[in-house]
Each structure stands twice: as structure tokens, then as C-alpha cells.
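Student: Pasting in a structure now, in C-alpha cells, and then I'll have a few things to ask.
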């Protein structure tokens, strides 16, 4: 399972209305640290398939969502649950840090 592309147009449906927690990676093509964390985001999409929805938001192409959540530096990872932001991680962090922030919001049964 690969991360899905989240846009200004599908944000409400894919993230706010999701019945599962959603991990969103706010990134841009020109961002070096974003490229470093991308493989980790893809691993999480595979490992938690069915329990966690993983999406990527290209901040250059989707300014509305980026402004709505005050994204000032990328990569920014946000975890949404029930349509609300429950975690925010800024910068390229090790996978362990992401897992520690995401796991409490994921139902493992």
C-alpha cells in the first residue's frame, strides 16, 4: 500500500471524514529533508495498512490545506483522528519517533 495523494479537493473526504486515523506528510519536491523521510512514510503505509491511512500533501500544489493548518516548515507530519489533529511532528525524524507518536492513535485489533 502506498501513501495516497491528498489535495485541497479531496482533503475533507480522505482526512476529515476518515474512519481510521490519518498520517499526513506535508512535503514539497524541492525539500531535501522531505526526501529523507519519504521512505519512512511509505514503510508506515505498508506496515499499518488497514489500520492507518497514510497520505502526502504537496504544499506547493495544495496551498489551501497547508494554510489551514499553518504549515510553515516541511516536512511536517500530522496525525488526524476523528477529523482533528492529535499529533504534529516537524522535520525529518527517525522512524522510531514517528511510530511512537502514531501508535497510540492506531487500533491494533
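The values are calculated or read from the model by the stated rules, or taken from the named source; none is laboratory data. Just so it is clear, the model here is predicted, and its values are computed rather than measured. All Cβ positions, even for glycine, are placed from backbone atoms using ideal geometry, and neighbour counts span all protein chains on display.
Student: Which of the following residues is more than 18 Å from residue 95 (Cβ to Cβ) and surrounded by 22 or more Cβ atoms within 10 Å (Cβ to Cβ): 16, 6, 37?
Tutor: Going through 16, 6, 37 in turn, the sole match is 6.
Student: Would you check if residue 59 is surrounded by 13 or more Cβ atoms within 10 Å (Cβ to Cβ), at negative phi and at pLDDT 95 or above?
Tutor: Yes; evaluated as a whole, the condition is true for this residue.
Student: Is one or more of the residues making up segment 73-86 closer than 21 Å to residue 103 by Cβ, touching a strand residue (DSSP E or B) at 6+ places or on another chain (Cβ under 7 Å), surrounded by fewer than 21 Cβ atoms within 10 Å (Cβ to Cβ) and in contact (Cβ under 8 Å) with a residue 60 or more places away in the chain?
Tutor: Within segment 73-86, one or more residues are closer than 21 Å to residue 103 by Cβ, touching a strand residue (DSSP E or B) at 6+ places or on another chain (Cβ under 7 Å), surrounded by fewer than 21 Cβ atoms within 10 Å (Cβ to Cβ) and in contact (Cβ under 8 Å) with a residue 60 or more places away in the chain.
Student: Based on what the data block shows, is residue 24 buried (at least 19 other Cβ atoms within 10 Å of the Cβ), touching a helix residue (DSSP H, G or I) at 6+ places or on another chain (Cβ under 7 Å) and in a helix (DSSP H, G or I)?
Tutor: no
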